[in-house]
Amino acid sequence: MKILNLTQGSVEWHAARINYFTASEAPAMMGESKYKSRSQLIKEKATGLSEGTTEAQNRLFQKGHEAEASIREHIEHELGDELFPATGVSDCGTYLASFDGITMDESLIWEHKLYSVGLADSVRAGTLEPHYYWQLEHQLLVSGAEKAVFTTSDGSPDACYSMEYVSVPERRAALIAGWQQFAEDLSNYKPETEQVEATGHAPETLPALRIEVTGMVTASNLQQFQDHALTVFKGINTELKTDQHFADAEQTVKWCKEVEQRLSAAKDHALSQTQSIDELFRAINDISEQARSKRLELEKLVKARKKEIREEIAMSACEDLMGHIGEINKTLDNGVRMPPIITYFDGVMKGKRTFASLRDAVSTELARAKIEANQIADKIRLNLKTLRDDTAGFETLFADSQQLVLKDNDDLRATITARIAEHKAADQERQQAEQVQQKIVPPSAEISASREVGSIRQTAAENTRPSDQQIIGVLARHYRVHESKVHEWLLDMDLQRAGDALASNF
C-alpha cells in the first residue's frame, strides 16, 4: 500500500478520491448502501458530480468526527498500540481507502461509526450488516492488514462497543469481481435525461353546478355544464408512457371520483325539492356515468401499463444478461457452456413506485448476476486448464467435462487423480490376465497330463510318493494354468483345516 500525504476532508483529498474506487463507495457498488444506489454512484464517478450533502447530514458527520476524536485515546489504550489516520492506495493503483486509524506496522486498521442502538446491538453480537462490512473488506484489501477493529461510540467509554473483523475470502473475491463489473458498467455509461419526480395534475375544475327547482326546473346551467364536462372527459390522456402520465392518471382517477360524488349530491339536493324532473336526473346520471367510466378505464390502464413496463424492464435485463453469458461462452472451449444464472428481477422490483427506482433495482440485480457469471466463468477456465494439463492421454475418461468444470478446483484435481488411478489399476489387471492366458497350456497337453496321472497312480500303487514337480505339473495341466499359479495355490492352502476335514470324514 502507498500512503498519500493528504488530510482527510481536505479539497485535495476529495479530488484524489475521484480517480479511485474507494472504501466508502464499496457498499453502494455492491448495492448494499443505505444512502446511495449503485446507479447514483456510477453517475457520480462518470460525471465527477455528486449530489452533495444537506445541513443535517453535515451536522451528523461533524458529530461523528467529534466522537471519533474523543474515543481514540480510549481505543488506543485498549489495543495497546497507537493509531494514525491515513489515506492509502492499493499496490495495483486501483483502490483507495481512508482509515480512521492504522497501526505503524499496518497490521491493524480501525474504523469508527457514530453510536446508534441498532449498530451497538450488531457489534455486541459480532455481526455487521453488508452496509458496513463491505467498507471493511475494501479497507483490508487496500491495506493488507490482518484485521480491522470496528467501533461505534458517542465519544465516551460508557457508550463504546468494538468488535474485530477478519476478511472473508468469499467476500474479498466478490468485492474484487464487483469492482471489475462496476468498471465495465462505468465505461459504458450513457447520461440519461434527468427524471424529476412527477406530480399529478387532474383536468381543469368544472364550473359549480347550480340547480334550483320548485316542482319544475326554474334555474339550471346543466346543459352548459354537461357540454363542458364531456369536452373535458374527451381530453383526458389515456396513453400512459411516462411517470408524469401515471401521476396525472392517478390524480384524474381521484378527480373523477369527486365529480361523481358532487353530481350525486346535486341529484340528492334536487330530489329534496321535487320528485319529477326526469330530464335533470337523466343528465346528471349521464355525466356521472361518464366520470365513472373514465375512472374505471384509467384505473385498468394504470394497472396494466405498470405491469407491462415492469415486464419490459425485466426482459431487457434478461436479454442483457444472456448477451453477457453469450460473450463468455465464446471464450470457453471443449464444448463447455455456462450454467444458468438465477436472477431475482421480479423480487427486487417489489415496492418500487417510479420508473427510476425500478430501473435502479433491476440494474443492481443485473450487475450482481453478471458478477456471479464472471466468477463462474473464471472457475470454468481454471478447471478447463486443469483438465488439459492433468488428463493428457486419458481424455476419454472425462467426457463429462461440462459437469466437472463446475467443481471447485481442488475437488476436480481429486476426481482426476482417482479416475486415472482406477483406470491404471483396471488396465494392469487386464494385462496380467492376458499374460496368464498366454501362458495357459494348450489342450493337447491333456494327453501328457493323463499319462502323468497314470504314472502317479502307478507310483502310488508301488507305495512310492510322486515328486513335487510331478504333482505341480499334473495340477497345472489339469487346470490349464502356469506352474507358478499352482505354487501360489499350494502356498495359500490351509493344510491344518484340510487335515481336520479329512479326519472328520473317517
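The values are calculated or read from the model by the stated rules, or taken from the named source; none is laboratory data. All figures in this text were calculated on a predicted structure; none of them were measured in a lab. Cβ atoms come from the backbone with ideal geometry, glycine included; neighbour counts cover every protein chain shown.
Taken over segment 87-130, the residue count meeting the criterion of being in contact (Cβ under 8 Å) with a residue 40 or more places away in the chain and of a type in the set (Lys, Arg) is 1. When Glu311, Glu239, Glu279, Glu289 are checked against the criterion of being part of a helix (DSSP H, G or I), among the charged types (D, E, K, R) and either within 30 Å of Ser357 (Cβ to Cβ) or assigned by TED's automatic domain parsing to the domain that holds Arg388 (or both), Glu311 stands alone in meeting it.
What residue, among those in segment 215-262 that are hydrophobic (A, V, I, L, M, F, W, C) and touching a strand residue (DSSP E or B) at 6+ places or on another chain (Cβ under 8 Å), is modelled with the highest pLDDT?
Filtering segment 215-262 down to residues hydrophobic (A, V, I, L, M, F, W, C) leaves 216-217, 219, 222, 225, 229-230, 232-233, 236, 240, 246-247, 249, 253, 255-256, 259.
Narrowing the set further to residues that are touching a strand residue (DSSP E or B) at 6+ places or on another chain (Cβ under 8 Å) leaves 217, 219, 222.
Details: Val217: 66, Ala219: 76, Leu222: 82.
So the residue we want is Leu222.
Here Phe182 passes the criteria (1) at pLDDT 95 or above; (2) touching a strand residue (DSSP E or B) at 6+ places or on another chain (Cβ under 8 Å); (3) under 22 Å from Asp378 (Cβ atoms) except the one numbered (1). Considering only residues in segment 196-208 that are modelled with pLDDT under 70 and of a type in the set (A, V, I, L, M), the one that is nearest to His269 (Cα to Cα) turns out to be Ala198. Taking segment 325-371 as the range and being within 23 Å of Leu186 (Cα to Cα) and touching a residue at least 60 places away in the same chain (Cβ under 8 Å) as the test, the residues that pass are Phe355, Ala356, Arg359, Asp360, Ser363, Thr364, Glu365, Ala367, Arg368, Lys370, Ile371. Within segment 428-444, at least one residue is at pLDDT below 70 and of a type in the set (Val, Ile, Thr).
Residue by residue through segment 23-43, note down the ones that are crowded, with 21+ Cβ neighbours inside 10 Å and either part of a helix (DSSP H, G or I) or touching a Ser or Thr at 6+ places or on another chain (Cβ under 8 Å) (or both). Give the steps one after another, and end with the answer.
At the first step, the residues of segment 23-43 found to be crowded, with 21+ Cβ neighbours inside 10 Å are 23, 25-31, 38-39, 41.
Ala23, Ala26, Pro27, Ala28, Met29, Gly31, Arg38, Ser39, Leu41 - these are the residues of segment 23-43 that are crowded, with 21+ Cβ neighbours inside 10 Å and either part of a helix (DSSP H, G or I) or touching a Ser or Thr at 6+ places or on another chain (Cβ under 8 Å) (or both).
Among the candidates Ala46, Ala69, which residue alone is outside any loop (DSSP other than H, G, I, E, B), among the hydrophobic types (A, V, I, L, M, F, W, C) and farther than 20 Å from Ser363 by Cα?
Working: Ala46 fails: farther than 20 Å from Ser363 by Cα.
Unique residue meeting the criteria: Ala69.
Evaluate segment 73-93: report whether one residue or more is within 32 Å of the chain's Cα centre (by Cα), assigned to a helix (DSSP H, G or I), at pLDDT 90 or above and not aliphatic (A, V, I, L, M). No, there is no match, as no residue in segment 73-93 is within 32 Å of the chain's Cα centre (by Cα), assigned to a helix (DSSP H, G or I), at pLDDT 90 or above and not aliphatic (A, V, I, L, M).
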